[in-house]
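The values are calculated or read from the model by the stated rules, or taken from the named source; none is laboratory data. Since we're looking at a predicted model, the values are computed, not measured. In this analysis, Cβ positions are derived from the backbone assuming ideal geometry, glycine residues included, and neighbour counts consider all displayed protein chains.
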Amino acid sequence: MARTDDVDSPSSSDADAPNPVWFKPLMVGFMLLGLAWVLVFYISGARFPIPGIDSWNLAIGFGIALIGFLMTTRWR
């Protein structure tokens, strides 16, 4: 009796598939939104975008931008 090995392995075409159409605009959007957040924080003299959390606005802005930069590692 012949033995057949049925191994499920992803084909190389699945691993090299291009990103969806929305990926690049979302990636760039996160980077620009993070930059805008930090700029608004500095230009407003630390009063905006969210008053009352002071320097945490920087962490939020850099965090949003970091999401965009991390998405660049998945861009094909």
Q) Scanning for something of a type in the set (S, T, N, Q), under 30 Å from Asp16 (Cα atoms) and either touching a helix residue (DSSP H, G or I) at 6+ places or on another chain (Cβ under 7 Å) or surrounded by 12 or more Cβ atoms within 10 Å (Cβ to Cβ) (or both), does the stretch 59-72 turn up at least one residue? A) yes
Q | Residues of the stretch 1-60 that turn out to be in a helix (DSSP H, G or I) and either hydrophobic (A, V, I, L, M, F, W, C) or at pLDDT 90 or above (or both), as a count | A | 27
Q) loosely packed, with under 10 Cβ neighbours inside 10 Å and under 13 Å from the mean Cα position of the chain (by Cα) - does that describe any residue in the stretch 37-56? A) no
Q: Output the qualifying pairs, or none if there are none: Cβ atoms under 8 angstrom, residues six or more apart or on different chains, first residue in the stretch 30-46 and without any contact (Cβ under 8 Å) to a residue 24 or more places away in the chain, second residue of a type in the set (Phe, Trp, Tyr).
A: Val40/Phe48; Phe41/Phe48
